[in-house]
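K.L.:
Following this message is one structure expressed as C-alpha cells.
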Amino acid sequence: MRRAGQRGFSLIEILIVVLVVMMVAAIAVPNIFLAVSNLRLRASAGDLSGLMQQARILAAKDNATYPILYATRNGARIAYVDLNFNSSFDADEPMMEFSGTTVPASGTPSGSGQPTAYVLAGDTGSSSYDNTNTLGYTGRGLPCNYDTTTTPATCSTPVAKYFVYYLTDTRVGTAGWAAVVVTKGGRTKMVTWNGAAWN
C-alpha cells in the first residue's frame, strides 16, 4: 500500500510569503498615509473656497457685508459666514469643518523648510492679505478687508491687494500646505504646495 504525498505549505514557504507581504506593507503604508493627508488638505481648501463663494453670493443677494470667521466647534476647527455680526458661530450660519489635522495657518509661511508666499500671476504689488486679515464680501460681491477694530466694523472696497488664506496640517514628517486665493474681483482658486512650487 502506497501513502499519499503530503499536502500543504511548509513553514519556510509561509515565512517567505509573510516576509514579502511585510516588505510591501512597509513601502505602501507611508505612501497611503501621505495620500490621505494630501486628500484631506485639498478637501479642506476646496471646502473653504466653496464657503467663500457662498459668502459672496449671500452678500450680493442680501446687499450686505458678510465676513468669514474662524472658530472651534466641538473640538474641530471651522470657518463660517457671520450673518448676524456677533462674531460667534450660530447654527443657521453657513460653515465648513477642516478635515483631520488641517488647520488655518497663523499667517504667510516663512522660515526654513516652509513654502514661499504665493504670488498671483500678473501681480505687480508687493504683498497680499493673508490669514491675519479678515475676508469679507460686500453687497456687490466684492472682497474687502473686514476691519473689526472700528465700531461698526468697516469693509472698504475696492481692495488694494488680493487675499491668500493658507492652510497647513500636522502630518508626520514635513507639513503639507494649501492656500485659497481670492482675487480682487472675488473669484477663488485653490492651490497646493508640492515641495517646490504652488500648483
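K.L.:
Which is farthest toward the positive dipole end of the range 61-151 among Ala91, Asn63, Gly141, measuring Cα position about the Cα centre, with Cβ charges +1 (Lys, Arg) and -1 (Asp, Glu)?
P.N.:
Gly141
K.L.:
For the chain, set up a Gaussian network in which alpha carbons nearer than 10 Å are linked by springs, and say which option among Val81, Val24, Val180 fluctuates the most.
P.N.:
Ranking Val81, Val24, Val180 by mean-square fluctuation puts Val24 first.
K.L.:
Name the longest site-free stretch of the chain, where the excluded sites are trypsin sites (Lys or Arg not before Pro) in a DSSP loop with no more than 11 other beta-carbon atoms within 10 Å.
P.N.:
8-199
K.L.:
Hey, can you grab everything whose amide H is under 5 Å from the amide H of Gly176? Only 5+ residues off in sequence or another chain; H modelled, so Pro and N-termini drop out.
P.N.:
Residues meeting the amide H criterion: Asp169, Arg171.
K.L.:
HN-Hα J couplings of the range 184-199 from phi, Karplus 6.51/-1.76/1.60, θ = phi - 60°, integer Hz, Gly and Pro as x?
P.N.:
Rounded to whole hertz, the list is 4, x, x, 6, 10, 8, 9, 10, 10, 8, 9, x, 9, 7, 7, 10.
K.L.:
Further question: Can you tell me the orientation of helix 11-62 relative to the chain, as the angle in degrees between its alpha-carbon axis and the longest Cα principal axis, to the nearest 10?
P.N.:
10
K.L.:
Using 0.36 nm per residue, how much length does the chain from Thr132 to Ile78 gain when fully extended, once their Cα-Cα distance is taken away? Walk me through the intermediate numbers first.
P.N.:
Working: separation 54, 0.36 × 54 = 19.44 nm, distance 1.61 nm.
Answer, rounded to one decimal: 17.8 nm.
K.L.:
Suppose the Debye formula is applied to equal point scatterers at every Cα of the chain; what is log10 I(q)/I(0) at q = 0.11, 0.15 Å⁻¹?
P.N.:
-0.57, -0.92
K.L.:
Name the most mobile residue of Ser156, Ser49, Ser99, meaning the one with the largest mean-square fluctuation, in a Gaussian network model of the chain with Cα contacts below 10 Å.
P.N.:
Ser156
K.L.:
Using modelled backbone amide H atoms (1.01 Å from N, in-plane), which distant-in-sequence or interchain residues come within less than 5 Å of Ala105's amide H?
P.N.:
The list, which skips near neighbours in sequence, is Tyr166, Leu167, Thr168.
K.L.:
Can I ask one more? Under a point-charge model restricted to the Cβ atoms of Lys and Arg (+1) and Asp and Glu (-1), what is the dipole moment magnitude of the chain relative to its Cα centre, in debye to the nearest 20?
P.N.:
880
Every read-out reported here was derived from the displayed coordinates using simple, explicitly stated rules and does not represent laboratory data. Owing to the predicted nature of the structure, the values given are computational and were not obtained by experimental measurement. We place every Cβ from the backbone using ideal geometry, glycine too, and count neighbours over all the protein chains shown.
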